[in-house]
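Notes for the one structure printed next.
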Amino acid sequence: MSDERRDAYRLAMQAGDPEAVARSLAPDVVMHVAVHDQPVVGREAARLVFTLLREVFSDFRFTREFEAGDERGLVFETRVEGIPSEGVNLLRFGEHGLIREFTVMLRPLSALTRLGRFMGPRMARRPGAGSEQS
């Protein structure tokens, strides 16, 4: 897989561009997000997640990365409503270098709680987000 494809997500997140992030995802991507017990399935639902994150995250930056085969881990720092936070994106790539599975973890609990309060109502109003629909 080309470095350009593998780096597309990271570069799009750093630029704060949810449209470019969505282009780095497989159409049937499965996202396991820290604030929902059900996965977010599909590129359009994932685009919503990244659009909302752009509203609630500030000072976002990647600090480390690691890679093994078709998987990549990206450690990041951000602020969630002013709370310094650290998280990890675990990415699994599929055909054509697109992300087919995505897991997000975030700490501390206070930031995760605020993120859930922000994201929950906004995602509940939109079909496909936070459910197995796409």
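The values are calculated or read from the model by the stated rules, or taken from the named source; none is laboratory data. No experiment lies behind these values; they were computed from the predicted model shown. Using ideal geometry, Cβ is built from the backbone for each residue, glycine included, and neighbour counts are taken over all protein chains shown. With ligands, DNA and RNA removed, areas are computed over all heavy atoms of the protein, side chains included. Shrake-Rupley method; radii C 1.70, N 1.55, O 1.52, S 1.80 Å.
Worth pointing out:
- With every protein chain in place and a 1.4 angstrom probe, the accessible-area ranking of H36, H96, largest first, reads H96, H36.
- Once the C-beta distance of E4 and D37 is scaled by a Förster radius of 30 Å, the resulting FRET efficiency is 0.30 to the nearest 0.05.
- For V29, nonlocal amide neighbours, meaning residues 5 or more places apart or on other chains whose placed amide H falls under 5 Å from its own, are G42, R43.
- Where a label projected 7 Å from the Cα of R117 along Cα→Cβ would reach, residues of region 79-94 with amide N under 19 Å: 79-86
- Sorted largest first, the spans of the alpha carbon positions of the chain along the three principal axes are 38, 33, 22 Å.
- Using θ = phi - 60° in the Karplus curve 6.51 cos²θ - 1.76 cosθ + 1.60, the 3J(HN,Hα) couplings for region 107-116 round to 9, x, 4, 4, 6, 4, 4, 5, 4, x Hz; x is entered for Gly and Pro.
- Ordering F102, V35, S24 by the projection of their Cα atoms onto the charge dipole of the chain, which places +1 on the Cβ of Lys and Arg and -1 on the Cβ of Asp and Glu, puts V35 at the extreme positive end.
- R100 long-range amide H proximity, modeled H, under 5 Å: A26, R92, F93, G94
- Maximal additional length on extending the T103-L90 stretch stands at 4.2 nm, based on 0.36 nm per residue less the C-alpha distance.
- Placing unit charges on the Cβ atoms only, positive for Lys and Arg and negative for Asp and Glu, gives region 26-134 a dipole magnitude near 460 debye about its Cα centre.
- Taking all protein chains as they are arranged and a probe of 1.4 Å, the heavy atoms of L52 leave approximately 10 Å² accessible to solvent.
- Applied to region 58-75, the Karplus parametrisation 6.51 cos²θ - 1.76 cosθ + 1.60 on θ = phi - 60° returns per-residue 3J(HN,Hα) values of 9, 6, 6, 7, 7, 10, 8, 8, 9, 8, 8, x, 8, 10, 9, x, 10, 8 Hz, with x for Gly and Pro.
- In Å², nearest 10: area of V35 left accessible to a 1.4 Å probe: 40 Å²
- Derived scalar couplings ³J(HN,Hα) [region 80-95; Karplus, 6.51 cos²θ - 1.76 cosθ + 1.60; whole Hz; x for Gly, Pro]: 10, 6, x, 8, x, 9, 9, x, 9, 9, 9, 10, 10, 8, x, 4
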